[in-house]
Amino acid sequence: MATTDVVVFSSSPEPGTVDPGGRGQPAATLIGSTSIFLWAVWPALAVYSSPAPTFQILATGMTIGFLALAALRIGRGEPLSGMLPKSWGLLLAGVVGILGTNTFNFIAVTRISPAQASVIAYLWPIIALVLAGALGLKRLQSKHYVAVVLGFVGAVFVINPFTGMELDFIGILCAFLAGLSFAAYTTYRLVDSRSASDAVGIYGLISAIICAALHFGIEKTQSLNATQIAAVVVLGLAPMGLANAVWDYGVARGDARALSVLAYGTPLVATFLLVFLGLADITPTLIIGALLIVGAAAIGTWPARSEP
């Protein structure tokens, strides 16, 4: 993916990066759209897997994600070597991205509302714009500045410091760092656009090894109950594995522009899912903040007609 604004760990285009040329097959678009739900279940699964050692859960989940993507490649008759990124820089950036995002997200959802954590982390498209502009990798236009302002105003609504309640600054910081980790990887991709299909699997595998080392070094292994085991397995299969595969399929064969629009709704879907499951309370400020952040991401990363 050359000249992209934002990307996902699967090395697939994310909103604002896909080629909106053809409409493709409706069935492929439908299949691709399931990735939005698969990514949106991440916060709920993190809650269900808690309380448990952070790196124990992440090591297990990311290993399952790698195995799922590897199995899909084998099933398609494709070599596993195709999962390897094309440069050491991409490998490092990918590991930093997936490890940082998942670790900080997991810590955040255990300290603040998982709905708040999910929405704050989704500031990453806006953070990526700021980084790209600051490093001279992208010329920021007026719409980008509008997006940045809207995004951070939305974050204020989500954090809602006006209630008088004590804020968990560590939890808020971790949610922000989750977005920053992904934004940093995104920004690096503007410099090195070489990619490999399913490279997220390799990033996840190396991240799993790092998490396992951290777990055995600083954590005590905990026996998981049936609910936690199920949550970790689904965490690995869905948001860390299959979501990337169906997104790839939908973008390649379906309506890429439609999928781009739908993908911006991921934090909203995640929020309403948390509320439906009784894991979060819905508030007007949370919804307003989420809408502002999603709208800011759409404004900031959607290409103008004059852009490629």
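Where a number appears in this text, it was derived from the coordinates with a stated rule and is not lab data. Since the structure is predicted, the reported quantities are computational estimates derived from the model, not experimental observations. Don't worry about glycine lacking a Cβ; one is built from the backbone with ideal geometry, like all the others, and counts go over all protein chains shown.
General remarks:
- Taking a ≥ b ≥ c as the square roots of the eigenvalues of the alpha carbon gyration tensor, the range 26-301 is rounded, as a/c is under 1.5.
- Take every Cα pair under 8 Å whose residues are at least 6 apart in sequence, average their separation, divide by the length of the range 26-301, and the relative contact order is 46 percent.
- This ranking places LEU58, LEU214, LEU123 by how few other beta-carbon atoms lie within 10 Å of each, fewest first, which gives LEU214, LEU123, LEU58.
- Relative to the Cα centre, the charge distribution of the range 26-301, modelled as +1 at Lys and Arg Cβ and -1 at Asp and Glu Cβ, gives a dipole magnitude of about 600 debye.
- Stretched out straight at 0.36 nm per residue, the stretch from GLN25 to SER50 would grow longer than its current Cα-Cα span by 5.0 nm.
- Sparse-neighbour loop sites [trypsin sites (Lys or Arg not before Pro); the range 94-159; at most 13 other C-beta within 10 Å; DSSP]: ARG139
- The slack between ASP168 and VAL153, meaning 0.36 nm per residue of separation minus the straight C-alpha distance, is 3.5 nm.
- Given their separation in residues at 0.36 nm each and the Cα-Cα distance between them, LYS220 and VAL233 gain 2.7 nm when the chain is fully extended.
- By the count of other C-beta atoms within 10 Å, a proxy for reagent exposure, THR285, THR110 are ordered fewest to most as THR285, THR110.
- Counting neighbouring Cβ atoms within 10 Å and putting the fewest first, the residues LEU237, LEU80 line up as LEU80, LEU237.
- Note, ³J(HN,Hα) from phi for the range 106-117, Karplus 6.51, -1.76, 1.60, rounded to Hz, x at Gly and Pro: 5, 5, 4, 5, 8, 10, 10, 4, x, 5, 4, 4
- Separation in nanometres of the label points that stand 7 Å from Cα toward Cβ, at GLN141 and ALA213: 4.4 nm
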